[in-house]
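Quick notes on the structure that follows.
The values are calculated or read from the model by the stated rules, or taken from the named source; none is laboratory data. Please read these numbers as outputs of a predicted model, since none were measured by experiment. Methodologically, a virtual Cβ is constructed for each residue, glycine included, from the backbone with ideal geometry; neighbour enumeration extends over all protein chains shown.
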Amino acid sequence: MHRMATRIRCTSFATLLGLCASSAFAQSPVEFIDDASAKGIADIEASRLAHQKSESKEVKDYTIVVINDRTTANQHLAKIARQLDLPVAPREQVVEKAKTLMPEVMEGSNFDQAYAASQVKTTQEAIEQLEQTAQTTDVPQIKAFAEETLPKLQNHLQMAKALQASR
């Protein structure tokens, strides 16, 4: 009996920790839109740079997918912000934040490898953010955005991992 009570207490404690952790990392709708937009812009700009610098057809094809999907996602976020009448950060502020998020990319023959590695990392982070948001938000439009965008980012991640493996 004592063992069962200990297990129940441990399970309850673990569940409570999980709930606290998820609420501690939950973002407000404004924070989410600003942060996700900045990450999207950073991804777009890094991909534009990669499209210009790379000589690899695979990298160029990947960058086009990323630029198109992330541009569409950012337009969708802006639409949600307008629908909800949210006070979002001015574009200049979001662009400045995006600049700080852009990975340092190497020059020369290591460029494609560095770009692919940074894409794996940043896409994994974006997926985690969307999964967290989908689980914690009580705003239907943001939940729908996260659920619609996740498959695209999961596709980006698979593509980025394939690029990384081929470099």
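Computed quantities for the displayed model
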{"quantity": "Which numbered condition GLN124 misses (of (1) over 20 Å from LYS79 (Cα atoms); (2) surrounded by 18 or more Cβ atoms within 10 Å (Cβ to Cβ); (3) of a type outside the set (Val, Ile, Thr))", "calculated": "(2)"}
{"quantity": "In segment 146-167, the residues that are among the small types (Gly, Ala, Ser) and over 16 Å from the mean Cα position of the chain (by Cα)", "calculated": "ALA162, ALA165, SER166"}
{"quantity": "Neighbours by Cβ (under 9 Å, 6+ apart or cross-chain): first from segment 87-106, over 21 Å from ALA117 (Cα atoms) and of a type in the set (Asp, Glu); second modelled with pLDDT of 70 or more and part of a helix (DSSP H, G or I)", "calculated": "GLU96/ALA38"}
{"quantity": "Looking only at segment 23-79, and only at residues there that are acidic (Asp, Glu) and within 20 Å of ALA114 (Cβ to Cβ), the one that is surrounded by the most Cβ atoms within 10 Å (Cβ to Cβ)", "calculated": "ASP43"}
{"quantity": "Which listed residue is loosely packed, with under 13 Cβ neighbours inside 10 Å and in a helix (DSSP H, G or I), from ALA144, ALA165", "calculated": "ALA165"}
{"quantity": "Selection status of SER166, over 22 Å from GLN83 (Cβ atoms), of a type outside the set (Lys, Arg) and in contact with a Pro (Cβ under 7 Å, 6 or more places away or on another chain)", "calculated": "no"}
{"quantity": "Cβ-Cβ under 9 Å pairs, at least 6 apart or on other chains, segment 127-139 side closer than 17 Å to LEU77 by Cβ, far side crowded, with 18+ Cβ neighbours inside 10 Å and of a type in the set (Val, Ile, Thr)", "calculated": "LEU130/THR149; THR133/ILE142; ALA134/ILE142; VAL139/ILE80"}
{"quantity": "Matching residues in segment 47-74 - criterion: being of a type in the set (D, E, K, R) and outside any helix (DSSP H, G or I)", "calculated": "GLU55"}
{"quantity": "Of all residues making up segment 80-90, the number that are surrounded by 17 or more Cβ atoms within 10 Å (Cβ to Cβ) and modelled with pLDDT of 90 or more", "calculated": "2"}
